[in-house]
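Read the structure below first, then the notes.
The values are calculated or read from the model by the stated rules, or taken from the named source; none is laboratory data. What you are looking at is a predicted structure, and each value in this text was computed from that prediction instead of being measured. Because the Cβ atoms are built from the backbone with ideal geometry, glycine has one as well, and the counts that use them run over all protein chains shown. Accessible surface is based on the protein model in full, side chains and every heavy atom, while ligands, DNA and RNA are left aside. Shrake-Rupley method; radii C 1.70, N 1.55, O 1.52, S 1.80 Å.
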Amino acid sequence: NYGHISRIAFGPFRSLLITDPDHLKEIFLNQNKNFSSKMGYKPILQDFFNNSLITQDGDDHKTQRRIFQNSFKNEAMKGYVDIINPIIRKRILAWNYVDDFHFHPNIKQLLLDIASQVFLGINDIDADKNEKLCKAFLQISEKGIQSIIKKEIPGLAFSTGLKGKRYLDSFIKELIPTRREQVGKDLMSVMVKEVTDDGEYWPDELLISNLGLLLFAAHDTNTSALSHMLLYLAKPEHRALQEELREHAHSLNTYTPSYDDLEGMTGIEYCMMEILRIHPSVIMLPRRTVNQCKLGDYEIPANTRLFLSPYWTQFNPEFWSNPFDFDPKRFSPERAEHKNHSFSFTGFGGGAHKCIGMHFAKMQVKLFMHQFLLTYKFETPKNYNPKFQMLPLPKPADNLPLKLTPLLH
């Protein structure tokens, strides 16, 4: 109704909504240094993940990103596969004994198990710690980050969020000394040994903030993506696609695929990309203007809040055929609709701040879906038409009830 640049009140923030992929490209690439991620995220995350990778610009961002990069290269990822496969196997077999099964809380717990072991090196996290970590993340994401009154008053949401943050921070802080002393393949054991140009270890505060954000992002975003993927594949109109994916999984002749097997799982990858097009895990990406600048026909003042929206861009019929249809094969090489414009699909962001864990996220989804397809057929209740919750991350509001039918294995 109002064009690709429009005023919007998003929660307590009065902002500009940006939806044109040309404008998104200019902001994400930020060649003239006009746009700040740090200034965009600061009001939202400063009390919970301050000084983390997502809240940095320029050289500070490059330095912190360098600390992470070795942990997401091929050799490290191959090691993660060996950690992740047995966790998935143990969890999903137990789902057969869950009454009134709802997918969202169960996949959230499974992905937190994976994140705890891959990123922190915690083997077989006990139920009590798992429950406390889940509670801390919920306190931070559903209470603290979304709170309007940023005052620590007992009983208010912000105070609850800070309580979760303190637990998460203390949990990570206690692990730092032992991770520096031991040799481990987990991400934390690598990160805590990184040193500055002066030969000093990175400050605990910086490590805690980044590891906390990584845990939060790694399990919450894929929880959202997988919940929506299962929703679509479980619908009657998409059962044939579910079977097609299952047949490919059978063709690998293993329940625990290797890292090299992942490249051939194109069907699952297309489904994931299509889900991130229709239901992006992050529906608004904040920035602020550093300088007065021009976007399209508009002069934008300095210090203006911007919200970049993949949610609308990814339904633009100029780039996507029948954009409201669930059609994973639009990402196949034969059609490649995501290449109609380099920024019409921004499910993983873009530019210098593009999701550093993108390949890990794809790997995790493929490993889970492969085992899940071989273990169960799954379907939604009859005439199922859920409402959707958009914040803190999108999901079916009723947590996605599923009927699981065990397969012989």
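Data for the structure
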{"item": "Neighbours by Cβ (under 7 Å, 6+ apart or cross-chain): first from the stretch 42-68, over 20 Å from residue 141 (Cα atoms) and part of a helix (DSSP H, G or I); second among the charged types (D, E, K, R) and open to solvent by less than 50 Å² (accessible area, probe 1.4 Å)", "result": "67/194"}
{"item": "Of residues in the stretch 36-70 being touching a Gly at 6+ places or on another chain (Cβ under 9 Å) and under 20 Å from residue 193 (Cβ atoms), the one surrounded by the fewest Cβ atoms within 10 Å (Cβ to Cβ)", "result": "68"}
{"item": "Residue identified as modelled with pLDDT under 90, within 30 Å of residue 234 (Cα to Cα) and among the hydroxyl-bearing types (Ser, Thr, Tyr) among 52, 71, 116", "result": "116"}
{"item": "Of all residues in the stretch 64-100 being among the small types (Gly, Ala, Ser) and out of contact with any Leu (no Cβ under 8 Å at 6 or more places or on another chain), the one that is farthest from residue 358 (Cα to Cα)", "result": "94"}
{"item": "Residue count for the stretch 386-409, restricted to those that are in a loop (DSSP other than H, G, I, E, B) and either open to solvent by less than 70 Å² (accessible area, probe 1.4 Å) or closer than 26 Å to residue 137 by Cβ (or both)", "result": "13"}
{"item": "Residue selected from the stretch 163-192 under the condition under 30 Å from residue 14 (Cα atoms) and either in contact with a Phe, Trp or Tyr (Cβ under 8 Å, 6 or more places away or on another chain) or modelled with pLDDT under 85 (or both), by the criterion most open to solvent (accessible area, probe 1.4 Å)", "result": "165"}
{"item": "One residue from 85, 106, 123, 96 being among the polar types (S, T, N, Q), open to solvent by 60 Å² or more (accessible area, probe 1.4 Å), on the phi < 0 side of the Ramachandran plot and in a helix (DSSP H, G or I)", "result": "96"}
{"item": "Residue 232 being among the aromatic types (Phe, Trp, Tyr) and farther than 20 Å from residue 363 by Cβ", "result": "yes"}
{"item": "Index of the failed condition, residue 339 passing every other in (1) in contact with an Asp or Glu (Cβ under 8 Å, 6 or more places away or on another chain); (2) under 18 Å from residue 266 (Cα atoms)", "result": "(1)"}
{"item": "Residues of the stretch 369-385 that turn out to be touching a residue at least 60 places away in the same chain (Cβ under 8 Å) and either under 15 Å from the mean Cα position of the chain (by Cα) or open to solvent by 30 Å² or more (accessible area, probe 1.4 Å) (or both), as a count", "result": "3"}
{"item": "Some residue of the stretch 267-281 being farther than 30 Å from residue 56 by Cα, touching a strand residue (DSSP E or B) at 6+ places or on another chain (Cβ under 9 Å), touching a residue at least 24 places away in the same chain (Cβ under 8 Å) and of a type in the set (D, E, K, R)", "result": "no"}
{"item": "Residues that are closer than 11 Å to residue 34 by Cα and part of a strand (DSSP E or B), drawn from the stretch 296-322", "result": "300"}
{"item": "Residue list for the stretch 212-255, restricted to those being touching a residue at least 40 places away in the same chain (Cβ under 8 Å), more than 23 Å from the chain's Cα centre (by Cα) and open to solvent by 20 Å² or more (accessible area, probe 1.4 Å)", "result": "235, 236, 238, 239, 241, 250, 252, 255"}
{"item": "Residue match in the stretch 144-154 (condition: of a type in the set (S, T, N, Q), open to solvent by less than 90 Å² (accessible area, probe 1.4 Å), out of contact with any Lys or Arg (no Cβ under 6 Å at 6 or more places or on another chain) and touching a residue at least 24 places away in the same chain (Cβ under 8 Å))", "result": "yes"}
{"item": "Index of the failed condition, residue 269 passing every other in (1) among the acidic types (Asp, Glu); (2) under 26 Å from residue 390 (Cα atoms); (3) open to solvent by 60 Å² or more (accessible area, probe 1.4 Å)", "result": "(3)"}
{"item": "Contacts under 9 angstrom Cβ, first residue in the stretch 1-13 being touching a residue at least 12 places away in the same chain (Cβ under 8 Å) and open to solvent by less than 60 Å² (accessible area, probe 1.4 Å), partner acidic (Asp, Glu) and assigned to a loop (DSSP other than H, G, I, E, B), 6 or more apart", "result": "5/20; 5/297"}
{"item": "Residue ranges of helices (runs of 4 or more DSSP H) in the stretch 138-237 with at least 1 members in contact with a Cys (Cβ under 7 Å, 6 or more places away or on another chain)", "result": "204-233"}
{"item": "Residue check for residue 57: touching a helix residue (DSSP H, G or I) at 6+ places or on another chain (Cβ under 6 Å), among the charged types (D, E, K, R) and over 28 Å from residue 373 (Cβ atoms)", "result": "yes"}
